[in-house]
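Undergrad: Sharing a structure here in structure tokens format.
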Amino acid sequence: MIDFYLNGRRQRCSDVTADTSILELLRTHLGQTGTKEGCASGDCGACTVAIGEPDAGGGELLYHSANACITPAHQLDGCHLVTVEGLASGERLHPAQAAMVDCHGSQCGFCTPGIVMSLFTLYEQQRRGGEEPPAPLTQERLEAALGGNLCRCTGYRPIRDAALCMNDYPAADPAWAEDPGLAGSVAWLRRPRSGEPAADGHYVAPQDLAALRALKAKRPAARLVAGGTDLWLETTQQLKSLEDLIDVRQVAELNAIEEVEAGWWIGAAVTLARLMPLLAEPYPAFEHLMHRFASSQIRHRATLGGNVANASPIGDTPPVLLALDARLRLDGPRGSRELPLADFFLDYKCTALAEDEFIAAIFLPRPDSATHLKVWKLSKRREDDISAVLGAFAWRLEDGVMRDVHLAFGGMAAIPRRAPAAEAALEGRTPDAEAFSAARKALAEELAPMTDVRGSGNYRRVAAGNLLERLRLMIAADGDPADNNSDNRDSATKVTLDAYAH
């Protein structure tokens, strides 16, 4: 049973299979066809919807955009789902809709519902920021809101115009937004429950660690799902059935961020959107990378633990975590254990997790004042793309020599991994051309990159060596007070290097 609200009305859906997506639930079970299927992989944004979840006090619903095509329908339990059908109030359009009409932001119309829903969530976030009138939109915020929506007709300018002017329209709340009891009703559905949850069509969602351990003991082969942004591609792209799923998204302990003196334990179910504010001060380069991690729709669903457990050789966060000496806490019915992240990845899509284990938390060390971090992601396009090569470099500069050099790469082997021979070539050395030449030579010999649709092995080898040379030039510029090139001096700029980089 999925018990949720849709555009202000309670829905109770039974007989929904474990691998049903929100998109399929809407179109097939509920007859709501305004939400479209485009790519069925979370890339185009045509299926974008807004999901409202209760805040900590249960008095307000906070909305985020999501790709309906790859979000499990069962994750709507205890939520308020808003689709394009729920925005207008009679003949009165929502400001996001009215602005799109007046700015001629729609042509063929197929992508329009998803774009409108992205604008709706942007509008809600601005309005609930407490500013009257809302603060003007920046280019960065526009990119974040619309970076996951593709349109092949309008060229984006009229869509951008609509985004910029929608706050000029009179407020026009949908009828459901005027219901003062809606937030409380949704929060009641999310109430804590004790004991082992009942399985619904082989889909079960425990709310605490003890229940999750018990489920893994009984069903060790069950697949875990949090954001589902990669797992769900198995059913939409490979047409596989996902029949036995344990949803960890509501497990309280896996959603916690615990700060200790040495750093932070980040629960495996913490979303990337929640992680970004934590990273901003200690690791600005890491935080800036998150802006180039897929789209806003994905970042609000994808989790740090899921990105690590997926063990993709081109995942964005593992190389950075490797460069920072991150550790994992693994858990299961036999208890918990810790291990360095470097020992977690064994082979392509193969990890050190036992069948009945799961990632409980990731430890991120607190940097000292001398620690430097630089991250560069090479991709074919700047927005919403997977990397071909990602390099993450951490080091300290003491008395003119490099110490604690950590060089980690994605896309350069069957697993995300460090480059110990290249690190050794730089350790204790002055960061000059000779040292980096030796590091590039060592890197070319110790890593054997793959060839796939994103780049050949030779391209990746050359590109990774060039990233090391870029690092040398950046360090040299940092040491020259006369060099005001902000691209070299600011550790949080130019994280993404794409086909349009200069």
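Undergrad: Using each residue's phi in segment 248-258, evaluate 6.51 cos²θ - 1.76 cosθ + 1.60 at θ = phi - 60° and report the 3J(HN,Hα) Karplus result to the nearest Hz, with x for Gly and Pro.
TA: Each residue's phi maps through the Karplus curve to give 9, 5, 9, 5, 4, 5, 7, 9, 8, 10, 9 Hz.
Undergrad: Ignoring ligands and nucleic acids, what accessible area does ARG127 show with a 1.4 Å probe (Å², nearest 10)?
TA: Surface open to solvent at ARG127 totals about 60 Å².
Undergrad: If you don't mind, another one. Starting from the Cα of ASP452, move 7 Å in the Cα-to-Cβ direction to define the label point; list residues of segment 386-418 whose amide nitrogen is under 13 Å from there.
TA: Taking a point 7 Å out along Cα→Cβ of ASP452, the residues of segment 386-418 whose backbone N falls under 13 Å are 386-390, 410-416.
Undergrad: Taking 0.36 nm per residue of sequence separation and subtracting the Cα-Cα distance, how much length would be gained by fully extending the chain between GLU434 and ARG366, in nm to one decimal?
TA: Gain on stretching GLU434 to ARG366: 21.3 nm.
Undergrad: Once you have the alpha carbon radius of gyration of segment 371-493, what is it after dividing by 2.2 N^0.38 Å, with N set to its residue count?
TA: It is 1.04.
Undergrad: Then there is this: Can you sort HIS372, HIS80, HIS406 by 1.4 Å-probe accessible area, starting with the largest?
TA: Largest to smallest exposure gives the sequence HIS372, HIS406, HIS80.
Undergrad: Still on this structure: Show me the ranking of peptides 62-75, 264-277, 2-15 by mean Cβ neighbours inside 10 Å, starting with the highest.
TA: Those peptides, ordered most packed to least, come out 62-75, 264-277, 2-15.
Undergrad: Right, something else. Please calculate how many Å² of accessible area the chain carries per residue, with a 1.4 Å probe and no DNA, RNA or ligand atoms counted.
TA: 43 Å²
Undergrad: Could you give the nm distance between label points at ALA56 and ALA172, where each point is 7 Å from its Cα heading toward the beta carbon?
TA: 3.7 nm
Undergrad: Rounded to the nearest 10 Å², what accessible area does TYR123 show when all protein chains are kept and the probe is 1.4 Å?
TA: In the full protein context, TYR123 sits at about 20 Å².
Undergrad: From the phi of every residue in segment 12-18, what ³J(HN,Hα) in whole Hz does the Karplus formula 6.51 cos²θ - 1.76 cosθ + 1.60 yield, where θ is phi - 60° and glycine or proline is x?
TA: 10, 10, 10, 6, 9, 5, 4
Undergrad: Moving on to the next point. Given a 1.4 angstrom probe, I'd like the percentage of the accessible area of the chain that is carbon and sulfur, rounded to a whole number.
TA: 50 percent
Undergrad: Also, quick follow-up: Taking the mean number of other Cβ atoms within 10 Å as a proxy for protection, how do you rank 322-332, 44-54 from highest to lowest?
TA: Per-residue mean Cβ counts within 10 Å order the peptides as 44-54, 322-332.
Undergrad: How many angstrom separate the Cα center of segment 24-83 from the Cα center of segment 211-276?
TA: First find each Cα centre; the distance between them is then 18 Å.
Undergrad: Here's another thing I want to ask about it. Taking Cα pairs under 8 Å and at least six residues apart, what relative contact order does the chain come out at, in percent?
TA: So the answer I get is 12 percent.
Undergrad: Multiplying the sequence separation of GLN125 and ARG92 by 0.36 nm and subtracting their Cα-Cα distance, what value in nm do you get?
TA: Full extension from GLN125 to ARG92 adds 9.8 nm.
Undergrad: Related question: Quick one: if the Förster radius is 51 Å, what FRET efficiency do ARG337 and PHE110 give, using the C-beta to C-beta distance and rounding to 0.05?
TA: After rounding, the FRET efficiency stands at 0.55.
Undergrad: Can you classify segment 200-367 as rounded, prolate or oblate using the Cα gyration tensor, where a ≥ b ≥ c are the square roots of its eigenvalues, rounded means a/c under 1.5, and otherwise it's prolate if a/b beats b/c and oblate if not?
TA: Prolate is the answer for segment 200-367, as a/c is 1.5 or above and a/b outweighs b/c.
Undergrad: Given the Cα-Cα distance of ILE257 and THR17 and 0.36 nm per residue of separation, how much length would full extension add, in nm?
TA: 83.2 nm
Undergrad: First measure r as the distance between the Cβ atoms of CYS39 and GLU140, then evaluate 1/(1 + (r/R0)^6) with R0 = 25 Å and state the FRET efficiency to the nearest 0.05.
TA: About 0.50, to the nearest 0.05.
Undergrad: Mind ordering 305-316, 176-187, 419-430 by average Cβ neighbours within 10 Å, highest first?
TA: Those peptides, ordered most packed to least, come out 305-316, 419-430, 176-187.
Undergrad: Taking 8 Å as the Cα distance limit and 6 or more residues as the minimum spacing, I'd like the relative contact order of segment 200-367 as a percentage.
TA: 25 percent
The values are calculated or read from the model by the stated rules, or taken from the named source; none is laboratory data. Keep in mind that this is a model prediction, so the values were computed, not measured. When we count neighbours, we look across all protein chains shown, and the Cβ atoms used for this are built from the backbone with ideal geometry, even at glycine. Please note that ligands, DNA and RNA were not included when accessible areas were found on the heavy atoms of the full protein model with its side chains. Shrake-Rupley method; radii C 1.70, N 1.55, O 1.52, S 1.80 Å.
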